[in-house]
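S.K.: Structure below; questions to follow.
The values are calculated or read from the model by the stated rules, or taken from the named source; none is laboratory data. Note that this is a predicted model, so its numbers are computed, not measured. Reconstructed Cβ throughout: ideal geometry from the backbone, glycine too, with neighbour counts over all protein chains shown. We work out accessible area using only protein heavy atoms, side chains counted, and drop any ligands, DNA or RNA first. Shrake-Rupley method; radii C 1.70, N 1.55, O 1.52, S 1.80 Å.
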Amino acid sequence: MAEIIRVQKGTKDILPAEIDLWHFMEEKALEVFSNAGYKEIRTPIFEATELFARGVGDTTDIVNKEMYTFEKSERSLTLRPENTAGVVRAFIENGMHRLSAPIKLWYKGPMFRYERPQAGRQRQFHQVGMEMFGIKDPAADAEAIALAIRYLNALGLNDLDVEINSLGCPECREEFKTKLKNVIRPYLNDLCEDCQKRFEKNPLRLLDCKVESCKEIYAKPEIQEVIQSDFICSECSEHFTLLKTYLNDLGIKYSVNKLLVRGLDYYNRTVFEIKSNNLGSQNAVCGGGRYDSLVRNLGGQDTPAVGFAMGMERLYSLMQQFPQKKLTAYIVSNETSSAIKLVSDLRNNGISCDFDMTNKKFTKQMEKASKLADYALILGEDEIKNNQISIKNLAESTQKTISRDDIISVLKQVN
Ligand code: HAM
């Protein structure tokens, strides 16, 4: 036999047994986002590499280590590692700034990051997310957080922690970075290799290092004093205070986490994450924030923006108890020509159904019906002779015989 070719490390098939739950997540996204005035946008899976280098930031792990980049006709292309940069590109290219603000977009689809795979972390994964353009007021940030929670609740997920932080603006952040570097510099040689690189390029990222020895250093009192200080300027501080007021008004519980800096460079002011206590170390189901400079940095007009994305595989693993969707009816019969006509008739009337094409014994067909459907429609010799159908409610084990002419109206009532 020929050698089997296996699925690539960090990627996964979504199998028929899992697909109902994926459809449910997608349908709920359409419902919840549409109800809040968002329109779906679908952008290409690959983009110019430069979009991510300039958009996500060339000091980030995503751009430095994790991109799937390839050349075609002397162009450098990259499979999207996230979708904010692509949506911003589409926003600019299609002149969407001319639409009246806020411009509200949502999306779902696969993303690609060359990461070390582990539970909750894949190389191809799916995100569902939103981006809102044109609003400076923290009402937009509050709406994004409230929308994320509404979607998670619609999936039946309630055991969630919301963390927020403000990264300030480029000006106040510069001052903070200098202070942070000054207080950490004496320990520079003891930091991990990644932190040594981050120290010059992106010192804020030091704060979410997961290496124990680095965490111990950052827990030192003089370093904590700088981290916990209120470094943001008065305008950024007002923005953050107003966001907290809105969240309180909405009854949304949150905590302020000063170590929350996020792994993408485009954020300013608000950043947030929603975590689940029921996931392992990869416990962030949602991450987002404000990015007021990105549209301008990618060549568009100055446009404030805020958004988030959620990892759908992580949502999936929290929703395992979801019941499989069943067909309405399964036809149990050895009279193929009658069965095939009945199936066609039911499907033409929008009733989901299937039938056995292998002429198995009745008992085998009934077992299959119990697994797949709510009702078994029995078409035996007697039924066919009398123009009837026996209909069995498989959950209740009750059965009655009705006229063949009534089957559609009966099933429509329960469909
Ligand atoms: P992110 O935090 O990189 O943000 O990703 C958002 C979510 O995607 C994470 O919280 C996680 O649930 C999921 N995720 C990320 N990487 C993986 C992976 N390798 N495997 C499985 N799930 C993963 C962004 O992508 C930003 N674009 C969010 C945003 C939108 N900010 C503003 N607008």
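S.K.: Determine Rg/Rh for the stretch 203-250; Rg is computed over alpha-carbon atoms and Rh is the Kirkwood hydrodynamic estimate from the same atoms.
M.R.: Numbers: Rg = 14.6 Å, Rh = 12.9 Å.
Rg divided by Rh gives 1.13.
S.K.: Give me the angle, in degrees from 0 to 90, between the Cα long axis of helix 84-93 and the longest principal axis of the Cα atoms of the chain, rounded to the nearest 10.
M.R.: The angle comes out near 90 degrees.
S.K.: What nm value, rounded to one decimal, do you get for the distance between residue 324 and residue 395 when each label is placed 7 Å out toward the C-beta?
M.R.: Taking the simple label geometry, residue 324 and residue 395 are separated by 1.6 nm.
S.K.: Return the carbon/sulfur percentage of the accessible area of the chain, one whole number, probe 1.4 Å, all protein chains in place. Could the numbers behind the result be given before it?
M.R.: Working: 10500 of 21570 Å².
Of the solvent-accessible surface of the chain, carbon and sulfur hold 49 percent.
S.K.: Rg (Å, one decimal) plus Dmax (Å, integer) for the alpha carbons of the stretch 114-187?
M.R.: Calculated on Cα positions, Rg and Dmax stand at 18.0, 49 Å.
S.K.: Once the dipole of the chain is set up with Lys and Arg at +1 and Asp and Glu at -1 on Cβ about the Cα centre, which of 25, 229, 261 lies farthest towards its positive end?
M.R.: Looking along the dipole axis, the top candidate is 25.
S.K.: While we're on this one: Hey, what's the chain come to in accessible area per residue, 1.4 Å probe, Å²?
M.R.: Values: 21570 Å² over 415 residues.
So the chain comes to 52 Å² accessible per residue, rounded to a whole number.
S.K.: Accessible surface of residue 252 in the full protein assembly, 1.4 angstrom probe, to the nearest 10 Å²?
M.R.: 20
S.K.: A further question on this structure: Once both axes come from the Cα atoms, what is the angle between helix 234-249 and the longest principal axis of the chain, in degrees from 0 to 90, rounded to 10?
M.R.: 30
S.K.: Separate question: Under 18 Å Cα-Cα from residue 9, which aspartates and glutamates qualify once same-chain neighbours fewer than 8 residues away are excluded?
M.R.: Leaving aside aspartates and glutamates fewer than 8 places away in the same chain, those within reach of residue 9 are 66, 115, 313.
S.K.: Suppose R0 equals 30 Å. What FRET efficiency, 1/(1 + (r/R0)^6) with r the Cβ-Cβ distance, do residue 69 and residue 22 give to the nearest 0.05?
M.R.: Values: r = 28 Å, r/R0 = 0.94.
With a Förster radius of 30 Å, E is 0.60.
S.K.: May I pose another question? Run the numbers on the stretch 327-414 and let me know its relative contact order in percent, using alpha-carbon pairs under 8 Å that are six or more apart. Write out the running numbers ahead of the final one.
M.R.: Values: 146 pairs, mean separation 25.9, N = 88.
Computed over the stretch 327-414, the figure is 29 percent.
S.K.: Taking K and R as +1 and D and E as -1, what net charge do the other residues with C-beta under 11 Å from the C-beta of residue 35 add up to?
M.R.: Values: positive: 28, 150; negative: 31.
Every neighbour counted, the sum reads +1.
S.K.: If you don't mind, another one. So how strong a dipole does the stretch 327-414 carry about its Cα centre when Lys and Arg Cβ are +1 and Asp and Glu Cβ are -1, to the nearest 20 debye? Walk me through the numbers on the way to the answer.
M.R.: On the way: 12 positive and 12 negative charges, 39 e Å.
My answer is approximately 180 debye.
S.K.: Quick one: what does P(r) look like for the stretch 140-236 with 10 Å bins over all Cα pairs, in whole %?
M.R.: 13, 37, 25, 21, 4
S.K.: Something else now. So what's the net charge close to residue 126: Lys and Arg +1, Asp and Glu -1, counting the other residues with Cβ under 15 Å from its Cβ?
M.R.: On the way: positive: 12, 28, 42, 80, 108, 113, 121, 123, 314; negative: 13, 18, 26, 27, 40, 82, 115, 313.
That sum, taken over residues with Cβ under 15 Å, equals +1.
S.K.: What fraction of the Cα pairs in the stretch 1-144, stated in percent, has a spacing above 21 angstrom? Each step should come with its number before you reach the end.
M.R.: Values: 5623 of 10296 pairs.
It works out to 55 percent of all Cα pairs.
S.K.: So what is the relative contact order for the chain, in percent, with contacts set as C-alpha pairs under 8 Å and at least six apart?
M.R.: Values: 681 pairs, mean separation 65.3, N = 415.
Computed value for the chain: 16 percent relative contact order.
S.K.: For the chain, take every pair of Cα atoms, bin their distances at 20 Å starting from 0, and report each bin as a whole percent.
M.R.: 22, 44, 23, 10, 1
S.K.: Count neighbours as other Cβ atoms within 10 Å of each site's Cβ, and list the trypsin sites (Lys or Arg not before Pro) in the stretch 165-235 that are DSSP loop with at most 11 such neighbours.
M.R.: On the way: sites: 173, 177, 179, 181, 197, 198, 201, 205, 210, 215; in loops: 210.
Qualifying residues, ordered by number: 210.
S.K.: Below 18 Å, Cα to Cα, which lysines can residue 28 reach? Residues fewer than 8 away in the same chain don't count.
M.R.: 39, 104, 108, 325
S.K.: For the peptides 130-140, 231-241, 90-100, what is the packing order when you average, over each peptide's residues, the other Cβ atoms within 10 Å and list the highest mean first?
M.R.: Packing proxy ranking, top to bottom: 130-140, 231-241, 90-100.
S.K.: Here is a follow-up. So for the stretch 327-414, taking the charge dipole from beta-carbon charges (+1 Lys/Arg, -1 Asp/Glu), which of 401, 337, 372 sits furthest toward the positive end?
M.R.: 372
S.K.: Dipole magnitude of the chain about its Cα centre, charges +1 at Lys/Arg Cβ and -1 at Asp/Glu Cβ only, in debye to the nearest 20? Intermediate values should be presented prior to the final figure.
M.R.: Values: 56 positive and 58 negative charges, 114 e Å.
The calculation lands at about 540 debye.
S.K.: For residue 179 and residue 115, compute 0.36 nm times the residue count separating them, minus their Cα-Cα distance, and round to one decimal in nm. Present the calculation step by step, with values, prior to reporting the outcome.
M.R.: Values: separation 64, 0.36 × 64 = 23.04 nm, distance 3.16 nm.
The residue 179-residue 115 span can extend by a further 19.9 nm.
S.K.: Continuing with this model, one more query. Normalised by the number of residues in the stretch 199-335, what is the relative contact order in percent for Cα pairs under 8 Å and 6+ residues apart? Intermediate results must be reported in sequence, preceding the final value.
M.R.: Details: 111 pairs, mean separation 21.1, N = 137.
It comes to 15 percent, rounded to a whole number.
S.K.: Around residue 89, what is the net charge, scoring Lys/Arg as +1 and Asp/Glu as -1 over all other residues with Cβ under 11 Å from its Cβ? Intermediate results must be reported in sequence, preceding the final value.
M.R.: On the way: positive: 54, 80; negative: 47, 50, 93.
That works out to -1.
S.K.: Related question: To the nearest 10 degrees, how steeply does helix 362-372 sit against the main Cα axis of the chain, on a 0 to 90 scale?
M.R.: Taking the Cα atoms of the chain, the angle to 362-372 is about 30 degrees.
S.K.: Moving on to the next point. Which one of 298, 165, 73 is farthest out on the positive end of the charge dipole of the chain, using unit charges on Cβ (Lys, Arg +1; Asp, Glu -1) and the Cα centre as origin?
M.R.: Sorting the options by dipole projection puts first 73.
S.K.: Give the calculated FRET efficiency between residue 48 and residue 249 to the nearest 0.05, with a Förster radius of 25 Å applied to their Cβ-Cβ distance.
M.R.: So, using R0 = 25 Å, E works out to roughly 0.05.
S.K.: Work out the count of Lys pairs in the stretch 327-414 where the Cα-Cα distance is under 18 Å, with the pair 8 or more places apart or on different chains.
M.R.: Final tally of qualifying lysine pairs is 13.
S.K.: Counting each DSSP H run of 4 or more residues in the chain as -39500 (n - 2.57), what helix-only mean residue ellipticity at 222 nm follows after dividing by all residues, to the nearest 500 deg cm²/dmol?
M.R.: Numbers: 16 runs with 161 residues, N = 415.
So the calculated ellipticity at 222 nm is -11500 deg cm²/dmol.
S.K.: Now, a different point. Just how many % of Cα pairs in the stretch 327-414 lie over 14 Å apart, if you round to the nearest whole percent?
M.R.: Working: 2244 of 3828 pairs.
Pairs farther apart than 14 Å: 59 percent.
S.K.: If you don't mind, there's one more thing I want to ask. Cross-link candidates for residue 197: which aspartates and glutamates have Cα within less than 13 Å, leaving aside residues fewer than 8 places away along the same chain?
M.R.: Result set, ordered by chain and number: 58, 61.
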